[in-house]
Protein chains: 2
Amino acid sequence: MEFSSKLIEKAVNEMSQLPGIGKRTALRLVLHLLKQPKEQTGFLSQALVAMREDIKYCTSCHNISDSMMCEICANKSRNHQIICIVEDIRDVMAIENTGQFRGIYHVLGGKISPIDGVGPSQLNITTLVEKVKSGSVNEIIFALSSTMEGDTTNFYIYKQIADCEIIISTIARGISVGDELEYADEVTLGRSILHRVPFEKSFKNN
Amino acid sequence: MEFSSKLIEKAVNEMSQLPGIGKRTALRLVLHLLKQPKEQTGFLSQALVAMREDIKYCTSCHNISDSMMCEICANKSRNHQIICIVEDIRDVMAIENTGQFRGIYHVLGGKISPIDGVGPSQLNITTLVEKVKSGSVNEIIFALSSTMEGDTTNFYIYKQIADCEIIISTIARGISVGDELEYADEVTLGRSILHRVPFEKSFKNN
């Protein structure tokens, strides 16, 4: 791609480093910014720099936060004895949206994935194990994606805390609400039968 | 969407103002930046601000440029008597890539589109008409998209320069190279028959 302006070229190159954004999309975005008032580009770049420079991570659960302790960990009405283990902030947001969980979280910051060069030492596993061994935890819920990497991570953590006297559970795998049975894959359908729940429980929310 | 950090929220909000980027995609991009070195966010925002603040438009053809006159207009080996009328910089880049055009361009900056509130006065039409009426132009080539808006714009400009003694042409509409005939739409196929070219011309490049 040849550009008539070095400024455009540089902006497009930087923009296309973002995941899922190629050179063409980057050019479309840059031209859009050119048509908008100058302030919009200013606000965007200020917001990005402020976010990158000033962001903090909760010292307890490693969630992204504006202070040393995130709102969830600082909330005393939540049950601090139940910890839900998730991959990143998006999973925290998704579970919070359900309104079904009143415990606290522990954000790993990724999954063990040798292909991507992510080993256990790069994840927030040590602090989790310490927290569990300190005896202040009753239950651990694994809420990672149901992939090879997710399962590996679950198992790695499980092996380190298996001798602690706590409940270790994982979120239920089964047919999505609203899904047709015939389109479900075999493994999911199999698990949904294996882990069937009493019918009365199925229409109660808690 | 509820965020655990105001900084993330602001960055996501600004990012999702870009066309085709929703809140979820914006969050994905922002979290990606968080995982990268701080410099990357710095480079990105600097490039965007520099582009928005310092960009210039060629005083002759209105193409985006780093100087008062773009490289194409400043190039004396090009034929300044043939002007190709395009919508924006992307079209200039596309035509330049073909290597088939040695004239100069005139960038309108959009198409007449009442639905989007774009009238002729917002486009660079006046300077084009002046240029044509000054007598320095031999041929005008319309190279706008073949849409209602493109055709309207072509016709609007045509009416203003129809009494000038110049050649006015439009780029050929027809079956794309490599396309199967059976999948072509009727209008395109019809035009490709109406505007058929001598066979000998069809395999010559110039």
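Would you check if A:Gly150 is surrounded by fewer than 18 Cβ atoms within 10 Å (Cβ to Cβ) and out of contact with any Cys (no Cβ under 6 Å at 6 or more places or on another chain)? Full working, then the answer.
Numbers: surrounded by fewer than 18 Cβ atoms within 10 Å (Cβ to Cβ): no; out of contact with any Cys (no Cβ under 6 Å at 6 or more places or on another chain): yes.
No; evaluated as a whole, the condition is false for this residue.
What tally of residues in the range B:100-112 results from selecting those that are within 11 Å of chain A (Cβ to nearest Cβ) and either modelled with pLDDT under 90 or farther than 11 Å from B:Cys61 by Cα (or both)? Quick ask: steps written out before the conclusion?
Here is the first cut: in the range B:100-112, the ones within 11 Å of chain A (Cβ to nearest Cβ) are B:105, B:107, B:109-110.
Okay, now just the ones that are also either modelled with pLDDT under 90 or farther than 11 Å from B:Cys61 by Cα (or both), so B:110.
Adding up the residues that qualify gives 1.
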- Query: Quick check: is even one residue across the range B:145-153 at pLDDT 90 or above and touching a strand residue (DSSP E or B) at 6+ places or on another chain (Cβ under 7 Å)?
  - Reply: yes
- Conditions: (1) of a type in the set (Gly, Ala, Ser); (2) assigned to a helix (DSSP H, G or I); (3) surrounded by fewer than 12 Cβ atoms within 10 Å (Cβ to Cβ). B:Ala172 meets all but one. Number of the miss? (2)
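Can you name the helices (runs of 4 or more DSSP H) wholly within the range A:23-126 that have at least 1 residues being of a type in the set (Ser, Thr, Tyr) and touching a Leu at 6+ places or on another chain (Cβ under 8 Å)? Talk me through it step by step, then tell me what you get.
On the way: elements: A:23-35, A:38-54, A:71-74, A:89-98.
Passing ranges, in order: A:38-54.
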- Would you pick out the residues in the range B:184-202 that are over 24 Å from B:Ile85 (Cβ atoms), modelled with pLDDT of 85 or more and in a helix (DSSP H, G or I)? B:Glu186, B:Leu189, B:Gly190, B:Ile193
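Can you find a residue that is hydrophobic (A, V, I, L, M, F, W, C), more than 8 Å from chain A (Cβ to nearest Cβ) and free of Cβ contacts under 8 Å to residues at least 60 places away in the same chain anywhere in the range B:3-19? Before the answer, list the steps.
Here is the first cut: in the range B:3-19, the residues hydrophobic (A, V, I, L, M, F, W, C) are B:3, B:7-8, B:11-12, B:15, B:18.
Imposing the further condition that a residue be more than 8 Å from chain A (Cβ to nearest Cβ) reduces the set to B:12.
Add one more test, that the residue is free of Cβ contacts under 8 Å to residues at least 60 places away in the same chain, and what stays is B:12.
Yes, the range B:3-19 contains a residue that is hydrophobic (A, V, I, L, M, F, W, C), more than 8 Å from chain A (Cβ to nearest Cβ) and free of Cβ contacts under 8 Å to residues at least 60 places away in the same chain.
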- In the list B:Gln46, B:Gln81, which residue meets the criterion of being closer than 30 Å to A:Gly110 by Cα and either at pLDDT 95 or above or more than 7 Å from chain A (Cβ to nearest Cβ) (or both)? B:Gln46
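What residue, of B:Glu139, B:Glu149, is of a type in the set (Asp, Glu) and over 26 Å from A:Gln36 (Cβ atoms)?
Numbers: B:Glu149 fails: over 26 Å from A:Gln36 (Cβ atoms).
Going through B:Glu139, B:Glu149 in turn, just one is of a type in the set (Asp, Glu) and over 26 Å from A:Gln36 (Cβ atoms): B:Glu139.
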- Query: List the pairs whose first member sits in the range B:72-94 and is basic (Lys, Arg), whose second member is buried (at least 21 other Cβ atoms within 10 Å of the Cβ), and whose Cβ atoms are under 6 Å apart, counting only residues at least 6 apart or on separate chains?
  - Reply: B:Arg78/B:Ile104
- Starting from the range A:186-197, take each residue that is without any contact (Cβ under 8 Å) to a residue 24 or more places away in the chain and list its partners that are β-branched (Val, Ile, Thr) and assigned to a loop (DSSP other than H, G, I, E, B), counting only C-beta distances under 9 angstrom and pairs at least six apart or across chains. A:Thr188/A:Ile175; A:Leu189/A:Ile175; A:Ser192/A:Ile175
- Task: Pick out the one residue from B:Ile72, B:Ile89, B:Ile82, B:Ile95 that is in contact with an Asp or Glu (Cβ under 6 Å, 6 or more places away or on another chain) and farther than 30 Å from A:Asp88 by Cα.
- Result: B:Ile82
- Message: Checking B:Asn63 against (1) more than 14 Å from the chain's Cα centre (by Cα); (2) facing another protein chain (nearest Cβ under 7 Å), only one condition comes out false. Which one?
- Response: (1)
- Item | Qualifying positions in the range B:31-73 - surrounded by fewer than 14 Cβ atoms within 10 Å (Cβ to Cβ) and either farther than 26 Å from A:Tyr57 by Cβ or of a type in the set (Gly, Ala, Ser) (or both) | B:Glu53, B:Asp54, B:Thr59, B:Ser67, B:Met68
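The values are calculated or read from the model by the stated rules, or taken from the named source; none is laboratory data. A quick note: this is a predicted structure, and the numbers were derived from the prediction, not measured. So basically every Cβ, Gly included, is an ideal-geometry build from the backbone, and we count neighbours across all protein chains shown.
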